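Quick notes on the structure that follows.
The values are calculated or read from the model by the stated rules, or taken from the named source; none is laboratory data. In this text, all values refer to a predicted model and were calculated from it rather than measured experimentally. So basically every Cβ, Gly included, is an ideal-geometry build from the backbone, and we count neighbours across all protein chains shown.
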């Protein structure tokens, strides 16, 4: 599973602005599937296994329509993804407020903001995956023999990779190519 997280992180980090439509569809499906399934099941008075899938499909459709209407909504969805990943302990209302602010920024500065936030989202996925991989590979145990603060090493890997890859991903997405 770490390999999939790494690949998705690389895709988001370096090609986020180019694949924003796919990202919006996938995030819309994920939100519809996870949050929309129970209310839809209650509305239809059904508990079938198909209900969350229908809710996910509806979430995808709603996300695409919202994206076509305004980049504000796309920025808000991306912002919600980022905020839920980076600050999962925040109250949902605060997460939505921050996502809303990101949506406003995207509306006014579409290309650079989409590039920055998709680069950050991908870099965060890569950094988190690398941190978990460092634990699985025994890097922390090896370094822990020398340094007693070994438990903080995965966090440093995550932060360092996220910062460096956000900058590199942003520069890659906003580069000018001579066509």
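Just a few scattered comments:
- Every pair of residues 6+ apart whose Cβ atoms lie under 8 Å, when the first sits in segment 162-176 and is surrounded by 14 or more Cβ atoms within 10 Å (Cβ to Cβ) while the second is in a loop (DSSP other than H, G, I, E, B): 169/16; 173/16; 173/17; 173/18
- Any pair with Cβ under 8 angstrom, 6 or more apart, that starts in segment 1-28 at a residue that is without any contact (Cβ under 8 Å) to a residue 40 or more places away in the chain and ends at one that is assigned to a loop (DSSP other than H, G, I, E, B): none
- Flag if residue 59 is within 21 Å of residue 12 (Cα to Cα) and either in contact with a helix residue (DSSP H, G or I) (Cβ under 8 Å, 6 or more places away or on another chain) or modelled with pLDDT of 85 or more (or both): yes
- Flag if residue 58 is surrounded by 14 or more Cβ atoms within 10 Å (Cβ to Cβ) and under 18 Å from the mean Cα position of the chain (by Cα): no
- Residue 86 fulfils the conditions (1) without any contact (Cβ under 8 Å) to a residue 12 or more places away in the chain; (2) under 23 Å from residue 126 (Cβ atoms) except for a single criterion, (1).
- Residue ID - modelled with the highest pLDDT, chosen from residues in segment 12-46 that are surrounded by 20 or more Cβ atoms within 10 Å (Cβ to Cβ) and in a loop (DSSP other than H, G, I, E, B): 16
- Residue ID - surrounded by the fewest Cβ atoms within 10 Å (Cβ to Cβ), chosen from residues in segment 77-91 that are farther than 16 Å from residue 67 by Cβ and touching a helix residue (DSSP H, G or I) at 6+ places or on another chain (Cβ under 9 Å): 88
- Residues satisfying the stated conditions in segment 93-138, i.e. surrounded by 22 or more Cβ atoms within 10 Å (Cβ to Cβ) and without any contact (Cβ under 8 Å) to a residue 12 or more places away in the chain: none
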